[in-house]
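What follows is a set of notes on a single structure, which appears directly below.
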Amino acid sequence: MDKIAIVAQLVVALSVLYVWVFRFDNIIKEFKQYGLSDLVRNMVGASKISLSALLIAGVFYPGLVLFSSLGMAFFMFCAQLAHVKVKNPLTKYIPSLVFLILSLFIAAVNWGLL
């Protein structure tokens, strides 16, 4: 189970990094749609990039994984709420829902629940 959790860590971390670095123009549009300020967007982005780095570092330092996976799960849950707020179509919910589930799975494995 630990190897699957490590793969999940890397999938979540690298996907979030990809979106926030290479698809930032899409992030700008989404945060405007949600009615959130540039400051909030930048703080969320810095936090998600930091948590992604911690998830990657957690492959070598497992003590970092529980905090970073729960932090990422929090942001993905907030993303779900933002999609509900603006009544996005179901397809918009899927990426953050998948990453929410993966983040909770990672936390559960590292907490010894699975």
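Where a number appears in this text, it was derived from the coordinates with a stated rule and is not lab data. If you're wondering where the values come from, they're calculated on a predicted model, not measured in any experiment. With ideal geometry, Cβ positions are generated from the backbone for all residues, glycine too; neighbour counts draw on all protein chains shown.
A few notes on this one:
- Charge tally for VAL19 (other residues, Cβ to Cβ under 15 Å; Lys, Arg +1; Asp, Glu -1): +3.
- Over all pairs of different C-alpha atoms, the stretch 2-111 has a mean inverse distance whose reciprocal, the Kirkwood radius, equals 14.0 Å.
- 19 Å Cα-Cα reach of LYS87 towards lysines, excluding residues that sit fewer than 8 places from it in its own chain: LYS29, LYS32
- The GNM of the chain, with springs linking C-alpha atoms under 10 angstrom apart, assigns the highest mean-square fluctuation among LEU66, LEU104, LEU39 to LEU39.
- Against the chain, whose longest principal axis comes from its Cα atoms, helix 38-57 is set at around 20 degrees.
- The loop-placed trypsin sites (Lys or Arg not before Pro) in the stretch 5-81, going by DSSP, that have at most 13 neighbouring Cβ atoms within 10 Å of their Cβ come out as ARG23.
- Computed from Cα positions, the angle between helix 90-111 and the longest principal axis of the chain comes to roughly 30 degrees.
- Once the Cβ-Cβ distance of LYS32 and LEU70 is raised to the sixth power relative to R0 = 35 Å, the FRET efficiency obtained is 0.80.
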